[in-house]
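Data block below; observations after.
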Amino acid sequence: PVMVVCVMLIVSLISGIKLIQHNYKSIVKNEDLKNKILQTQLQLKKQELSMLKMQIHPHFLFNSLNTIYGFALKKGDETPEMILKLSNLLDYILYQIEKPTVSLENEVNHLEDYISLEKLRFHDTLEVNFIKADDISEMYIAPMLLIPFVENSFKHGAIIDGCLAIVIAVKRNSEMLFFEVENSVLEKTNDSTGIGLENIKKRLEMLYPNAYTLEINKTDKLFKVQLAININGLKTHKNVDES
């Protein structure tokens with residue numbers, strides 16, 4: 001009887017060990033499967049972001065090149081300056097946009113280049129008020145995140161009483177970064193805002209999920225965009241090779 005009990009105990013022990021091994025292998029397989037699913041989702045996210053960035057390039061370039069083409073036809077004196085500013089912007093959107101983040105200060109500097117380019121095109125029919133916070137040097141955002149908002153204001157804005165009025169503000173407090181753009185519009189202007197804002201909405205959702213708010217409002221004479229992003233997500237990603 002003792003021998004039988006010992007044999008039964010050994011068999012039970014072996015069965016228990018095999019069961020534990022089987023469960024462990026199942027857990028490992030499940031973890032591997034989860035990791036593969038996460039890697040696939042991450043890859044799809046990167047591919048979608050790349051596609052959105054690729055759509056920004058031709059949209060932005062078409063508008064800028066079309067402006068320079070018009071000046072070249074008229075042999076305008078501003079053409080060389082416009083080409084130089086566009087060259088700086090091209091360097092930014094072709095090289096910096098491949099980085100996950102750039103400094104907010106860098107984005108704002110190129111935003112100013114873009115505004116200067118548009119001022120040459122609009123001459124005296126443009127009034128831009130740009131309000132900037134001083135303490136933005138340590139913040140980092142996705143490249144070409146703010147510029148399309150401003151580009152949209154030029155594209156869909158309207159000249160009223162001889163002037164296209166645009167107000168741009170970059171502000172912050174201890175918790176949030178605020179970016180606002182408003183421009184004059186006509187009452188019967190088409191509500192469509194083009195591919196630019198749609199791309200930005202998708203990028204914001206992918207890059208800053210649950211960490212931003214975006215409000216778009218339109219009245220009879222004003223179109224306004226208000227973006228707020230949690231500052232905690234803007235201080236952690238720095239590109240050491242950023243130029």
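Nothing in this text is a laboratory measurement; each read-out follows from the coordinates by a stated rule. Just so we're clear, the structure is a prediction, and the values are computed from it rather than from any experiment. Please note: Cβ atoms are built from the backbone with ideal geometry, for glycine as well, and neighbour counts cover all protein chains shown.
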query: For 197, 117, 90, what ranking results if the residue with the fewest other Cβ atoms within 10 Å of its Cβ goes first?
result: 90, 197, 117
- prompt: Of the cross-linked pairs 99/155; 201/221; 75/119; 132/224, which ones have a Cα-Cα span greater than 22 Å in the structure shown?
  reply: 99/155; 201/221
field: 140, 69 arranged by Cβ crowding within 10 Å, fewest neighbours leading
entry: 69, 140
- line: By Cβ neighbour count within 10 Å, fewest first, 122, 149 rank 122, 149
statement: Toy charge model, Lys and Arg Cβ at +1, Asp and Glu Cβ at -1: the range 51-234 dipole around Cα centroid in debye, rounded to 20, equals 480
task: Taking amide H positions as placed in the peptide plane 1.01 Å from N, state which residues far from residue 158 in sequence (5 or more) or on other chains have amide H under 5 Å from it.
output: 184, 185, 186
